[in-house]
Amino acid sequence: MNKPRLYSGMQPSADSLQVGNYIGALMQWRELQQSYEAFFSVVDLHALTQPNDPAELREKTRRTAAQYIAAGIEPSKSTLYVQSHVPAHAELAWVLSTVTGFGEAGRMTQFKDKSQRYGSDATSVGLFTYPVLMAADILLYQTDIVPVGDDQKQHVELTRDLAERFNARFGTTFQVPMPVIQQDTARIYDLQNPTAKMSKSAESDAGVLWLLDDPAVSAKKIMRAVTDSDGTVRYDRENKPGVSNLLVIFAALTGRQIPAIEDEFAGRGYGDFKKALAEVVTEEFGPVRARALEMLDDPAELDRVLAVNAAKAAEVADATLADVYDKVGLLRRV
Ligand code: TRP
């Protein structure tokens, strides 16, 4: 029996992932890889749409891959690889760009936000076609489901539209994928600014819990997290965003329900609650951090694992690309 296929990816945009990536993505991926044939990529080609120091980008790519593995993505079970190692991604993106409307791509809200922020001269064509490359990532693997945050939902909708359009024009070629959007209880906010999403590119470091932070540093950040003057450990996103965020992190990392945690800390202060959360975070991240750092000590071995997985990925991707080239009428190379 073939398992349904799953595809997801993350940009190598920081040296360390943060607790939001861990809870929102990695914990789910780790679970889903049991029941799906899963492909996880480090999307380094997408990262080129932002300015990068070349040596740093290489390092971030390795670090991101090491953290996937340390967090429990098993490279012998799931196909975990670096996007640029499989040339079919860039090749399919070109073909898909020829069936994507200019206006259609221009309606992507992430592009609109970013291009408005940077101005048109600082906005690259690569940023404009970013969602088309993402569609290629997904469609190459005949993907059934795509777990993503809600900021990526529109890109998966575009992917579906492109797959349906291509299939209608050239005959069935692509599986039409379904987005699986992360739940609100998997959404993590900045510790200092708990109405803004916790982000790898946050302005201040104090609000971000990094997977690779020293446990003492994480504990300090938790103790200093913004709360409120109400004093009760209670979930209320609207009026108590700081405490609610800490409760969500606590619940996600322990697998407990929020009401049970509220009960445990009823009548106790925020200090007690934060101390307990710091312990939870240290216990969960300690081994992940140790394992990731150990792998980064042996980059040759990590590169070998990534090469093996890129070869596995290419087998699937190349078959889809060959079919696409054939369907659109490119002359077969003999
Ligand atoms: N654009 C996604 C993000 O920024 C990353 C990504 C690239 C991705 N290709 C993908 C996610 C394919 C899911 C599937 O989060």
(request) Look through Leu57, Leu17 and report the one residue that is over 16 Å from Val305 (Cβ atoms) and crowded, with 23+ Cβ neighbours inside 10 Å. (result) Leu17
(message) When you scan segment 63-76, do you find a residue that is over 23 Å from Leu302 (Cβ atoms), touching a residue at least 60 places away in the same chain (Cβ under 8 Å) and open to solvent by 40 Å² or more (accessible area, probe 1.4 Å), even just one?
(response) no
(request) Read through the list (1) open to solvent by 10 Å² or more (accessible area, probe 1.4 Å); (2) under 24 Å from Phe166 (Cβ atoms); (3) within 12 Å of the ligand (Cβ to nearest atom), then give the number of the only condition that Ser97 fails. (result) (3)
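Based on what the data block shows, is Asn2 open to solvent by 20 Å² or more (accessible area, probe 1.4 Å), away from the ligand (no atom under 15 Å from the Cβ) and over 23 Å from Thr123 (Cα atoms)? Talk me through it step by step, then tell me what you get.
On the way: open to solvent by 20 Å² or more (accessible area, probe 1.4 Å): yes; away from the ligand (no atom under 15 Å from the Cβ): yes; over 23 Å from Thr123 (Cα atoms): yes.
Answer is yes for this residue.
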(request) Test each condition in (1) in contact with a Leu (Cβ under 8 Å, 6 or more places away or on another chain); (2) open to solvent by 40 Å² or more (accessible area, probe 1.4 Å) for Ser124 and report the one that comes out false. (result) (1)
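When you scan segment 185-199, do you find a residue that is surrounded by fewer than 20 Cβ atoms within 10 Å (Cβ to Cβ), assigned to a helix (DSSP H, G or I) and charged (D, E, K, R), even just one?
No, segment 185-199 contains no residue that is surrounded by fewer than 20 Cβ atoms within 10 Å (Cβ to Cβ), assigned to a helix (DSSP H, G or I) and charged (D, E, K, R).
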(message) Suppose we filter Ala71, Ala65, Ala14, Ala38 for residues that are closer than 20 Å to Val146 by Cβ and within 13 Å of the ligand (Cβ to nearest atom); which single one remains?
(response) Ala38
(request) Name every residue in segment 311-334 that is of a type in the set (Val, Ile, Thr) and surrounded by 15 or more Cβ atoms within 10 Å (Cβ to Cβ), in order of residue number. (result) Val316, Thr320, Val324
(message) Is it the case, given these coordinates, that Val146 is open to solvent by less than 20 Å² (accessible area, probe 1.4 Å) and not in a helix (DSSP H, G or I)?
(response) yes
(message) Any residue at all in segment 18-34 that's away from the ligand (no atom under 12 Å from the Cβ), under 20 Å from Ala313 (Cα atoms) and part of a loop (DSSP other than H, G, I, E, B)?
(response) yes
(message) Against the condition under 24 Å from Ile188 (Cβ atoms) and part of a helix (DSSP H, G or I), how does Ala14 come out, does it pass?
(response) no
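Would you be able to tell me the number of residues in segment 145-158 that are more than 8 Å from the ligand (Cβ to nearest atom) and not hydrophobic (A, V, I, L, M, F, W, C)?
Of all residues in segment 145-158, those more than 8 Å from the ligand (Cβ to nearest atom) come to 145, 150, 153-154, 157-158.
Checking the rest, the ones that are also not hydrophobic (A, V, I, L, M, F, W, C) come to 150, 153-154, 157.
Total meeting the criteria: 4.
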(message) Please go through segment 200-220 and give me each residue that is part of a strand (DSSP E or B) and at pLDDT below 95, ordered by number.
(response) none
(message) Of everything in segment 256-292, what is among the charged types (D, E, K, R) and open to solvent by less than 70 Å² (accessible area, probe 1.4 Å)? Give them in sequence order.
(response) Glu262, Asp272, Lys274, Glu284, Arg289
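The values are calculated or read from the model by the stated rules, or taken from the named source; none is laboratory data. It should be emphasised that the depicted structure is a prediction, and the values quoted were computed from it without experimental measurement. Here the Cβ is made from the backbone with ideal geometry for all residues, glycine too, and neighbour counts use every protein chain on show. Heavy atoms of the whole protein, side chains included, go into the accessibility calculation; ligands, DNA and RNA do not. Shrake-Rupley method; radii C 1.70, N 1.55, O 1.52, S 1.80 Å.
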